[in-house]
Amino acid sequence: MDDMPAIRASGIRKRFGELEVLRGVSFDVRRGSVVSMIGASGSGKSTLLRCINRLEAPTEGEVYIDGVPMGFVEDRGGRRRARSLAEINRLRRDLGMVFQQFNLWPHMTALGNVIEAPMRVRGLPRAEAVALGEAALEQVRLAEKRDAYPAHLSGGQQQRVAIARALAMQPKAMLFDEATSSLDPELTEEVLAVMRDLAQRGTTMIVVTHEMRFAREVSDEVMFLHDGVIEESGPPGQVFGAPRSERCRQFLSKFIGQAR
Amino acid sequence: MGNWERLVWNQREVLLEGFLVTLHVCALAFAAAILGGLALCLLRMHVRPLRPLATLLIEFFRATPIFVQLMWVNYVWPELFGWPNSFFTAGWVALALQSSGYLAETFRAGIEAVPRGQREAGEAVGMGPALVMARIVLPQVALTTAPAIVNQFTVIVKSSTLVSVITVQDLMFQSQKLVNVWYEPIEILTATAAIYIAFVFAVSACGKRLSDALRRRFGIGSG
């Protein structure tokens with residue numbers, strides 16, 4: 001059981017019409033480890049992340065969460081059938097997602113955003129959800145903003161509330177989709193600090209990012225995506241220090257001074 | 001000034017009575033128009049087999065004159081459906097029909113304006129489509145369309161004067177009755193116009209304050 005990866009992607013392909021964005025991607029994420037995905041815009045990183053929690057259905061391939069396939073169920077005879085949306089929604093609870101644009105719900109307070117899914121999706125009583133939500137806001141150091149509406153929070157604060165919203169579902173893993181890309185540099189740091197903190201607590205994380213220093217410091221493994229495939233992967237020391245792929249070397253050279 | 005006192009001030013109870021009927025008709029029409037508009041909009045957007053029917057109704061309600069609808073509901077519906085069985089009901093139903101057509105389109109624009117990421121944030125925590133609609137999309141639509149909805153209420157108030165034609169005893173009806181008693185239209189009709197203006201202005205002002213407050217609080221709402 002301990003050998004089972006928290007997340008396994010197996011032969012993921014994704015086609016949008018003529019365009020094949022992912023061309024066969026496979027990898028494992030061990031429980032408690034942090035995997036960073038780097039690569040140029042359009043390399044397929046975000047699509048890959050969205051295939052993992054099935055905001056996009058992969059055209060081919062399968063994602064397993066603790067060994068459970070997201071897209072199908074197998075009956076006793078070994079026949080496969082596609083999962084219903086309700087079943088997929090059930091599995092999605094186990095994956096916390098943080099978006100580039102935060103996507104906080106503007107008509108709810110910070111706490112309202114955080115307790116919404118625990119109450120409506122998991123069916124927790126309000127008091128329990130609030131306790132969970134307050135703990136999550138505490139964890140992102142925003143307990144004092146619980147009654148603020150998103151419009152009154154800075155970008156960095158909004159993103160931290162979004163992280164708390166994902167944490168409140170007590171997911172098995174967290175997915176970060178360029179979580180700091182739409183933030184000013186000084187706001188980026190407060191979000192990265194929260195993410196660093198999560199990593200140190202042993203949260204399983206997949207982080208799509210352009211923050212090379214963060215990827216290097218925090219990750220257990222770094223994957224470089226190019227043109228819909230994993231071009232290079234390994235421990236950060238190797239990928240950043242001595243990349244074997246020429247494309248990876250070229251990509252990283254644009255970030256000189258940030259990570260190396 | 002003697003005429004004003006005699007024709008308007010001394011008739012204030014009659015006019016007030018009429019105004020209350022106007023309020024009643026408009027409130028019922030408004031509530032029905034919101035529910036009807038929402039239903040038409042959701043049918044059109046999310047229930048594929050009923051889409052053509054919903055689209056047809058929306059276009060029909062928007063494209064026919066309110067006076068024709070009033071006559072149609074009042075004289076044709078009782079023959080076809082055995083309902084409505086009072087002028088009052090026919091009055092607010094006809095008013096609701098036209099506004100529901102307009103509001104359906106307002107709601108559709110509002111739903112389409114909710115960013116995709118808002119829904120995805122719901123889906124990502126495991127919400128199904130109904131929950132996403134009820135908890136994430138519609139509350140935001142209510143906020144963004146609030147000014148347009150309030151504006152539609154003023155349209156209903158103005159159109160409501162037509163129900164006097166089918167003898168609903170609203171403000172316009174009472175005012176015309178007074179004119180027909182004394183044949184002195186200047187003061188009474190001017191006062192009637194003033195009451196409508198004051199009411200519509202008051203409603204619009206409330207709508208403006210509402211949308212300002214919404215924008216301050218939630219950062220959303222049309223400018």
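Go through segment B:129-142 and give me each residue that's touching a helix residue (DSSP H, G or I) at 6+ places or on another chain (Cβ under 9 Å), within 7 Å of chain A (Cβ to nearest Cβ) and open to solvent by 20 Å² or more (accessible area, probe 1.4 Å).
Correct list: B:131, B:135.
Just the residues that are in a loop (DSSP other than H, G, I, E, B) and away from chain B (no Cβ under 11 Å), please, taken from segment A:137-151.
Hits for segment A:137-151 are A:140, A:141, A:142, A:146, A:147.
Only one of B:168, B:155 is of a type in the set (A, V, I, L, M) and not in a helix (DSSP H, G or I). Can you tell me which?
Going through B:168, B:155 in turn, the sole match is B:168.
Taking the condition of a type outside the set (A, V, I, L, M), over 15 Å from residue B:146 (Cα atoms) and open to solvent by less than 70 Å² (accessible area, probe 1.4 Å), does residue B:173 pass?
Yes; evaluated as a whole, the condition is true for this residue.
Across segment A:39-64, what is the number of residues that are more than 14 Å from chain B (Cβ to nearest Cβ) and either open to solvent by 30 Å² or more (accessible area, probe 1.4 Å) or under 13 Å from the mean Cα position of the chain (by Cα) (or both)?
9
Filter segment A:207-220 down to the residues that are open to solvent by less than 50 Å² (accessible area, probe 1.4 Å) and not in a loop (DSSP other than H, G, I, E, B) and list them by number.
Matches in segment A:207-220: A:207, A:208, A:212, A:214, A:215, A:218.
Taking only segment A:216-260 into account, find how many residues are within 22 Å of residue A:198 (Cβ to Cβ) and either in contact with a Phe, Trp or Tyr (Cβ under 8 Å, 6 or more places away or on another chain) or at pLDDT below 90 (or both).
7
Run down B:114, B:150 and say which single residue is open to solvent by 20 Å² or more (accessible area, probe 1.4 Å) and aliphatic (A, V, I, L, M).
Unique residue meeting the criteria: B:150.
Could you count how many residues in segment A:165-177 are more than 17 Å from residue A:45 (Cα to Cα) and within 12 Å of another protein chain (Cβ to nearest Cβ)?
Residues meeting the conditions: 7.
Is at least one residue of segment B:77-98 within 14 Å of chain A (Cβ to nearest Cβ), without any contact (Cβ under 8 Å) to a residue 40 or more places away in the chain and assigned to a helix (DSSP H, G or I)?
Taking segment B:77-98 and keeping what is within 14 Å of chain A (Cβ to nearest Cβ), we get none.
The answer is no, given that none of the residues of segment B:77-98 is within 14 Å of chain A (Cβ to nearest Cβ), without any contact (Cβ under 8 Å) to a residue 40 or more places away in the chain and assigned to a helix (DSSP H, G or I).
Going residue by residue through segment B:11-19, is there one that turns out to be open to solvent by 30 Å² or more (accessible area, probe 1.4 Å) and under 20 Å from the mean Cα position of the chain (by Cα)?
yes
Looking only at segment B:23-56, which residues are of a type outside the set (A, V, I, L, M, F, W, C) and surrounded by fewer than 18 Cβ atoms within 10 Å (Cβ to Cβ)?
Initially, segment B:23-56 is screened for residues of a type outside the set (A, V, I, L, M, F, W, C), giving B:24, B:36-37, B:44, B:46, B:48-49, B:51-52, B:55.
Passing the criteria: B:24, B:46, B:48, B:49, B:51, B:52, B:55.
When you check residue A:67 against the structure, is it at pLDDT below 95 and crowded, with 18+ Cβ neighbours inside 10 Å, yes or no?
no
Just to be sure, is residue A:86 over 30 Å from residue A:40 (Cα atoms) and not basic (Lys, Arg)?
yes
Which of the residues spanning segment A:90-118 are more than 27 Å from residue B:215 (Cα to Cα) and either of a type in the set (Phe, Trp, Tyr) or open to solvent by 20 Å² or more (accessible area, probe 1.4 Å) (or both)?
Going through segment A:90-118, the residues more than 27 Å from residue B:215 (Cα to Cα) turn out to be A:90-97, A:118.
Once the filter is applied, which keeps residues that are more than 27 Å from residue B:215 (Cα to Cα) and either of a type in the set (Phe, Trp, Tyr) or open to solvent by 20 Å² or more (accessible area, probe 1.4 Å) (or both), segment A:90-118 yields A:90, A:91, A:93, A:94.
Given the condition at the interface with chain A (Cβ under 10 Å from one of its Cβ atoms) and not β-branched (Val, Ile, Thr), answer yes or no: does some residue in segment B:99-107 qualify? Show your work before the answer.
As a first pass, look at segment B:99-107 and keep what is at the interface with chain A (Cβ under 10 Å from one of its Cβ atoms): none.
There is no residue in segment B:99-107 that is at the interface with chain A (Cβ under 10 Å from one of its Cβ atoms) and not β-branched (Val, Ile, Thr).
I'd like the full set of residues that are of a type in the set (Lys, Arg) and either within 19 Å of residue B:114 (Cα to Cα) or within 7 Å of chain B (Cβ to nearest Cβ) (or both), limited to segment A:85-127.
So in segment A:85-127, the residues of a type in the set (Lys, Arg) come out as A:90, A:92-93, A:120, A:122, A:126.
Scanning segment A:85-127 gives A:90, A:92, A:93, A:120.
Given the criterion in contact (Cβ under 8 Å) with a residue 60 or more places away in the chain, in contact with a helix residue (DSSP H, G or I) (Cβ under 6 Å, 6 or more places away or on another chain) and surrounded by 23 or more Cβ atoms within 10 Å (Cβ to Cβ), identify the matching residue among A:160, A:165.
Going through A:160, A:165 in turn, the sole match is A:165.
The values are calculated or read from the model by the stated rules, or taken from the named source; none is laboratory data. All of these numbers come straight from a predicted model, not from anything done at the bench. We place every Cβ from the backbone using ideal geometry, glycine too, and count neighbours over all the protein chains shown. Heavy atoms of the whole protein, side chains included, go into the accessibility calculation; ligands, DNA and RNA do not. Shrake-Rupley method; radii C 1.70, N 1.55, O 1.52, S 1.80 Å.
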